[in-house]
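Asker: Mind looking over this structure? Questions follow.
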Amino acid sequence: MFGFLKKKLKENIEKITKRVEKVEEETEPDKMVVKTDTEREIEEFKKEKPKKLPSLREKILKMKKREELEKAEKPEIKEMPEKEETVREVEKEEVREMKIGETEKTETKEKIEEPPKEPERKETLEEKSKKKFFTIGGKKVIEENDIEDLLWDLQVSLLESDVALETAEKICGDLKKNLVGKEMKKNEIENVVKENVKNSLFNILDQKPIDLLKEVEKKKPYVILFLGFNGSGKTTAIARVAYLLKENGLTVNMAAGDTWRAAAINQLEKHGQKLKVPVVKHDYGADAAAVIYDAVKHAEARNIDVVLADTAGRTHTNVNLMKELEKIIKVNKPDLKILIIDSLTGNDAVEQARSFEETVGVDGIILTKMDVNEKGGAALSVSHAIKKPILFIGTGQEYKDLESFNPRKIIQSLLE
């Protein structure tokens, strides 16, 4: 159960963790290590500056002294000797160098020559990802582009696990929202990623719970109507719920409301005999609403606690059967409507859930055949699609193999 989904989640969490951990930045505490080439050149110049400036000033003084001597000997000089440095040129050189080192002291219009640019080359994906990470106080800060490709991989993995598209998008969107721009220490990365995935899954599965044993104490008889597509496992689910209620000291009867199949009536009768639970039935083709009505009256007459009503499997495109279902609900006013979903139907489970929710309304869900379902994405998708709680999951072939659905337990097992 959930084996494939668990494997995919683990693989993608490891990918995201390794991507962040792979970035190794040299940094001083509490400083951001993002320096341009110009900033590095300025720092190098400042280190060398004390050695250069004294010799430069001496050169200027010598040049001024020489000019004064030349003026005294030759009052009219039109041209300076070739390849000789004038005081003005030396002063410009000083201003140029002072522009880099101490701009607050000297201003000049001379442009600083930029070093020749190296030929551009395409960066690899790894180099791009490293540039997007920067460090503050020894912590990693993630930007959107850093994990965009990994979130896409996670979404594909969820879809492969039968998670519906909108549910997969929500999980990836929550993870992106909670990771981008966050600071993380290297040894915290895996735990942070896991915790965010856990919170997202819990938000999807944590619908308002229904404690069936407490719920049935509110009224007597308490009527539960079971809905679902053909072959979803309604009849078996009814028998398992009957077993659960009996084990907890409650009395039960079952209504054979699937009058479209003679085999369905016989199947429910056999379950009733094994469980020693009375079954109210009519002939094949009878009015299902009348069968369930008689079961309710039978329970009232015999002080039975709960009525479990079966219905025919149907699709939302079968107009006649959907109208019959509306009639059943109008006549009998069930206290709880439980939708039975075959977890092996994959993403079709979402469409089934929506069709019943929109037509007659659904209060809770039972997922069958979870013991042979390695993907398990239907559990996430159905609950998220109609915002209703999953009450139980079928985990075997026996009557006792009906396990209460615990979101925290399921999520914990997925992220172990």
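Asker: Tell me which of these ASN248 doesn't satisfy, since it passes every other one: (1) in contact with a Leu (Cβ under 6 Å, 6 or more places away or on another chain); (2) crowded, with 20+ Cβ neighbours inside 10 Å.
Answerer: (2)
Asker: With the condition kept exactly as written, say whether any residue in region 281-290 is over 24 Å from ALA378 (Cβ atoms) and touching a Lys or Arg at 6+ places or on another chain (Cβ under 7 Å). Before the answer, list the steps.
Answerer: So in region 281-290, the residues over 24 Å from ALA378 (Cβ atoms) come out as 281-290.
Right, trim to touching a Lys or Arg at 6+ places or on another chain (Cβ under 7 Å) and you get 289.
Yes, region 281-290 contains at least one residue that is over 24 Å from ALA378 (Cβ atoms) and touching a Lys or Arg at 6+ places or on another chain (Cβ under 7 Å).
Asker: So if I check each of ALA288, ALA299, which one is buried (at least 16 other Cβ atoms within 10 Å of the Cβ), within 20 Å of TRP260 (Cβ to Cβ) and among the small types (Gly, Ala, Ser)?
Answerer: ALA288
Asker: Now for a different question. Output the residue which, of all residues in region 166-196 that are assigned to a helix (DSSP H, G or I) and at pLDDT below 75, is surrounded by the most Cβ atoms within 10 Å (Cβ to Cβ).
Answerer: ILE189
Asker: I need the full set of residues from region 175-187 which are closer than 12 Å to LYS18 by Cα and charged (D, E, K, R), in order please.
Answerer: Selection gives LYS186 alone.
Asker: Suppose we filter region 375-400 for residues that are exposed (fewer than 15 other Cβ atoms within 10 Å of the Cβ) and not basic (Lys, Arg); how many remain?
Answerer: Qualifying residue count for the region: 3.
Asker: Could you list, in sequence order, all residues of region 338-377 that are part of a helix (DSSP H, G or I), of a type in the set (Val, Ile, Thr) and touching a helix residue (DSSP H, G or I) at 6+ places or on another chain (Cβ under 6 Å)?
Answerer: VAL350, THR359 - these are the residues of region 338-377 that are part of a helix (DSSP H, G or I), of a type in the set (Val, Ile, Thr) and touching a helix residue (DSSP H, G or I) at 6+ places or on another chain (Cβ under 6 Å).
Asker: Working carefully through the options LEU344, LEU367, LEU336, find the one that is without any contact (Cβ under 8 Å) to a residue 60 or more places away in the chain, under 19 Å from ALA237 (Cβ atoms), touching a Gly at 6+ places or on another chain (Cβ under 8 Å) and crowded, with 17+ Cβ neighbours inside 10 Å.
Answerer: On the way: LEU344 fails: touching a Gly at 6+ places or on another chain (Cβ under 8 Å); LEU336 fails: without any contact (Cβ under 8 Å) to a residue 60 or more places away in the chain.
Only one candidate passes the filter, namely LEU367.
Asker: In region 233-266, what residues are within 17 Å of ARG314 (Cβ to Cβ) and either in contact with a helix residue (DSSP H, G or I) (Cβ under 8 Å, 6 or more places away or on another chain) or of a type outside the set (Gly, Ala, Ser) (or both)?
Answerer: LYS234, THR235, ILE238, ALA255, ALA256, GLY257, ASP258, THR259, TRP260, ARG261, ALA264, ILE265
Asker: Scan region 276-309 for residues that are under 18 Å from THR251 (Cβ atoms) and either assigned to a loop (DSSP other than H, G, I, E, B) or touching a strand residue (DSSP E or B) at 6+ places or on another chain (Cβ under 7 Å) (or both) and report the count.
Answerer: The qualifying residues number 19.
The values are calculated or read from the model by the stated rules, or taken from the named source; none is laboratory data. No experiment lies behind these values; they were computed from the predicted model shown. Backbone-built Cβ (ideal geometry, glycine too); neighbour counts: all protein chains shown.
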